[in-house]
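A short write-up of the structure that comes next.
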Amino acid sequence: MESIGVLMACPMNSYLEQQLEKRFKLFRFWTVPDKSLFLASHKDSIQAVVGDASSGADAELIEALPKLEIVARFSVGIDKIDLVKCKEKGIRVTNTPDVLTDDVADLAIWVDIGGVEEAL
């Protein structure tokens with residue numbers, strides 16, 4: 001059985017890259033000089049796109065990958081992902097909502113009570 005192709009849209013931490021590479025055929029998209037040629041060559045093996053808030057999956061990328069099943073975002077938000085196109089094609093979309101909500105609230109309170117001046 002051929003390995004599932006995963007298109008990594010942007011650099012990730014090395015541990016995560018290593019874990020993906022152990023399990024899948026990993027393509028580092030940001031290193032590809034000719035993206036159109038690359039997609040044409042690998043369109044039938046890529047079933048997943050992974051990335052963070054800086055990367056996405058627009059309609060053009062989704063159309064170029066006929067075997068695409070999932071767009072996984074390891075960050076908050078789903079902007080830069082064409083949700084209409086994903087729904088039309090039955091592609092699952094994931095992200096990590098609320099992962100930093102408590103930390104952001106704590107930081108906002110800390111700044112509000114003068115924590116920044118104390119730290120300086």
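Brief remarks follow.
- Scanning region 3-16 for residues being closer than 17 Å to S54 by Cα and either of a type in the set (G, A, S) or without any contact (Cβ under 8 Å) to a residue 40 or more places away in the chain (or both) gives a total of 3.
- Within region 38-93, tally of residues that are of a type in the set (A, V, I, L, M), within 20 Å of Q19 (Cβ to Cβ) and in contact (Cβ under 8 Å) with a residue 24 or more places away in the chain: 6
- Selection status of S41, of a type in the set (S, T, N, Q) and loosely packed, with under 12 Cβ neighbours inside 10 Å: yes
- Every residue from region 33-58 that is of a type in the set (A, V, I, L, M), modelled with pLDDT under 95 and out of contact with any strand residue (DSSP E or B) (no Cβ under 9 Å at 6 or more places or on another chain): none
- Members of region 72-92 found to be modelled with pLDDT under 95, closer than 15 Å to L7 by Cα and out of contact with any Gly (no Cβ under 7 Å at 6 or more places or on another chain), listed by number: A72, F74
The values are calculated or read from the model by the stated rules, or taken from the named source; none is laboratory data. A quick note: this is a predicted structure, and the numbers were derived from the prediction, not measured. Reconstructed Cβ throughout: ideal geometry from the backbone, glycine too, with neighbour counts over all protein chains shown.
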